[in-house]
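Here the structure is laid out as structure tokens; the discussion comes afterwards.
The values are calculated or read from the model by the stated rules, or taken from the named source; none is laboratory data. Treat the numbers as computed from the prediction; the structure is a model and nothing was measured. Cβ atoms come from the backbone with ideal geometry, glycine included; neighbour counts cover every protein chain shown. SASA here: full protein model, heavy atoms, side chains in, ligands and nucleic acids out. Shrake-Rupley method; radii C 1.70, N 1.55, O 1.52, S 1.80 Å.
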Amino acid sequence: MRPVLEMQFADFISCAFDQIVNTAATLRYRHGGRASCPLVIRAPSGGGIHGALFHSQNPEAWFTRVPGLKVVAPATAYDAKGLLKSAIRDDNPVIYFEHKRLYRSVKEDLPEGEFTVPIGVAEVRKTGQDLSVITYGGTLHQAGIASMPHRTDRNERCLLQRARPLCGAMASQPHRRRTHRAR
């Protein structure tokens, strides 16, 4: 059996923190490698969908430092399918964070047939010369928009419209310089 659990919202995953971190993640180590814990915890996370305080959090940082636990956060439909298959087949516990904004904003055709996306292998989506942007999950699309504002793809336009208020709010803040007066 390879159980796949779903937290209704990742915001409430802290209720299971002890069981995930101190039991599931350490099971293999505690049994000298003779036992495994093939468990997938799907956790819808992220903001940008008008979800309010307890429906918009990204708690993945709590788990990324835990030995024995794997954390994934797909950014595309291809990654979502391929990483979920890899997570289910993995003998270690995997927390699978799904950014809720991507459920309806990112669409793509998937190839027919069997495929997986390996866990723990980064993918270079775009190369450049002046700047490296390292991101994952829902922010991949916003980072792409920031680097390619001339694109007119429907999905990117939709995300750009959501990102503009944030950029505008930051840009409208005047830069304040602290000055010290000598006494």
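What the table below lists for this structure:
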| item | result |
| --- | --- |
| Verdict on Asp79 being of a type in the set (Asp, Glu) and surrounded by 11 or more Cβ atoms within 10 Å (Cβ to Cβ) | yes |
| Subset of region 91-114 (residues that are crowded, with 19+ Cβ neighbours inside 10 Å and either touching a helix residue (DSSP H, G or I) at 6+ places or on another chain (Cβ under 6 Å) or assigned to a loop (DSSP other than H, G, I, E, B) (or both)) | Pro93, Val94, Tyr96, Phe97, Lys100, Arg101, Val106 |
| Close pairs (8 angstrom Cβ cut-off, 6 or more residues apart or separate chains): closer than 16 Å to Glu98 by Cα in region 60-73, open to solvent by 70 Å² or more (accessible area, probe 1.4 Å) and in a loop (DSSP other than H, G, I, E, B) anywhere | Lys70/Gly120; Val71/Thr64; Ala73/Tyr136 |
| Selection status of Ile13, part of a helix (DSSP H, G or I), out of contact with any Gly (no Cβ under 9 Å at 6 or more places or on another chain) and farther than 28 Å from Val106 by Cα | no |
| Unmet requirement for Ser45, which otherwise passes all of (1) over 17 Å from Pro93 (Cα atoms); (2) out of contact with any strand residue (DSSP E or B) (no Cβ under 6 Å at 6 or more places or on another chain) | (2) |
| Any pair with Cβ under 7 angstrom, 6 or more apart, that starts in region 11-23 at a residue that is within 20 Å of Gly51 (Cβ to Cβ) and ends at one that is open to solvent by 20 Å² or more (accessible area, probe 1.4 Å) | Asp11/Phe54; Asp11/His55; Asp11/Gln57; Ile13/Met7 |
